[in-house]
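The values are calculated or read from the model by the stated rules, or taken from the named source; none is laboratory data. Everything numeric here is computed off the predicted structure, so don't read it as measured data. Here the Cβ positions follow ideal geometry from the backbone for every residue, glycine too, while neighbour counts run over all protein chains shown. Only protein heavy atoms, including side chains, enter the accessible area calculation; ligands, DNA and RNA are left aside. Shrake-Rupley method; radii C 1.70, N 1.55, O 1.52, S 1.80 Å.
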Amino acid sequence: MTSTTECHQRYMSRALELAAQGRFSTAPNPMVGCVLVNNDTIIGEGWHQRAGEAHAEVHALRQAGTKAKGATAYVTLEPCSHFGRTPPCADALIEAGIARVVIALKDPNPLVSGDGIERLKTHGIEVIVGVLEQQARALNCGFVARMQRKRPWLRVKMAASLDGRTALANGESQWITSPEARRDVHRWRAQSGAVLSSAQTVLADQATLTARHPDAQLQPVRVIIDSQGLLTGNEPLFKELSPIVLVHGPDTVSPQTWPDHVSVLEVPRAANGFLDLVQLLHELAARDINSVWTECGSGLAGGLLEAELVDELVVYLAPKLLGHTGHGLLQLPAFTHMSQVPELNFSDVRQVADDLRIIAVPRRVRGDLTS
């Protein structure tokens, strides 16, 4: 490894740290960080703090002032080249006299990808692309997924005993995991664009599905699959005024007039008779939702996995044993051969108080973190 490469990686690592500070506030925009360096000294730093406000490059340039002329900019995502709610960042870098721009990840939006890079090059700025690209892609996996495959990054959360049971035979399940694990769940909710569940789960748990975490700045949209029209509007879910999307089928009977914070999304049924989950996720992407956190029963969880829509399983394992009569994690087909069994890779295993949190990625998940 050359000293130049080490230098690029060091400053890009700092830019990624800055970008991550926006994980609770930038949606639906990506998280972006920027570091300006001149004569091996950081002269300006910035990160995108909220959608509609100044981008990372602008914050860093304001801090650097006239020192930015001739500097190198380290940016975790290709500078934008189009007018949105803010002017193009590529133009701001050009006007400041930046000499070189080091980029971790090209813009994954195929409509604009590469345009910012070309604009910088046209104005004589040296551009280096791909420094810590995988880390940048992982940080914004939801935004990348929405841009490239037109559906959000989907995580399915489950809590189980050590013997893989989610509830006793009589349905009692509160609480399998520790208060610390439940706080961790609220942190995940706070980082997600939507929380997906089913009417059955909402009714069984009297759930509100809000993000009750001190870092929460934006409440996730609560997306509830209710193809049978079970919800009445009197449940605790509706008393919280953050947005709710009720997902109905074309044949769902629901004469209810819903409050202003509730909308209804009709989704067709798939060949198996259940609502088309692929279409649902495309609809959520069209609503600018980057990532979905799913808390549901074994039926919906199994359906999402079988449809190859799950990007990560987040499983909290408690040091308890519920016995063979307890409810299982997932409803999956009756496999007859080991070659049919879904395989996963553990991407993270850590202890949360007395529990273990395991993040497992289905091996068929392709492209989003590796290309």
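Annotations for the structure displayed:
- Length gained on full extension, Lys121 to Ala20: 33.6 nm, using 0.36 nm per residue less the C-alpha separation.
- At an R0 of 56 angstrom, the distance between the Cβ atoms of Leu168 and Ser113 translates into a FRET efficiency of 0.65.
- Length released on extending from Ser242 to Ala204, taking residue separation times 0.36 nm less the Cα-Cα span: 11.6 nm
- With every protein chain in place, the chain: carbon and sulfur % of accessible area (1.4 Å): 51 percent
- J(HN,Hα) series, region 214-225, from Karplus relation 6.51 cos²θ - 1.76 cosθ + 1.60, nearest Hz, glycine and proline x: x, 8, 5, 10, 10, 6, x, 5, 9, 9, 10, 7
- Fraction of antiparallel bridges per DSSP, region 4-143 only, in percent to nearest 5: 55 percent
- ³J(HN,Hα) computed for each position of region 256-261 - Karplus, 6.51 cos²θ - 1.76 cosθ + 1.60, integer Hz, glycine/proline x: 4, 8, 8, x, 4, 8
- DSSP-defined antiparallel bridges as percent of all bridges, the chain, nearest 5: 40 percent
- Note on Lys320/Asp40: beta-carbon distance plugged into 1/(1 + (r/R0)^6) with R0 of 35 Å gives a FRET efficiency of 0.05.
- Calculated from backbone phi, Karplus (6.51, -1.76, 1.60) coupling profile of region 343-357 in Hz, x at Gly/Pro: 10, 10, 10, 6, 9, 7, 9, 8, 8, 10, 6, 7, 9, 9, 10
- Summed side-chain charge close to Ala73 - residues other than Ala73 whose Cβ falls under 10 Å, Lys, Arg +1, Asp, Glu -1: 0
- Histogram of C-alpha separations across region 152-362, 10 Å bin width, %: 8, 33, 38, 18, 2, 0
- Region 277-316 versus region 204-259: alpha-carbon centroid distance in Å: 16 Å
- Residue-normalised accessible area of the chain, expressed per residue, 1.4 Å probe, Å²: 47 Å²
- Pairs of lysine residues in the chain - Cα separation under 19 Å, sequence separation of 8 or more or cross-chain: 4
- Between Ala334 and Trp175, the FRET efficiency estimated from the beta carbon spacing at R0 = 41 angstrom works out to 0.85.
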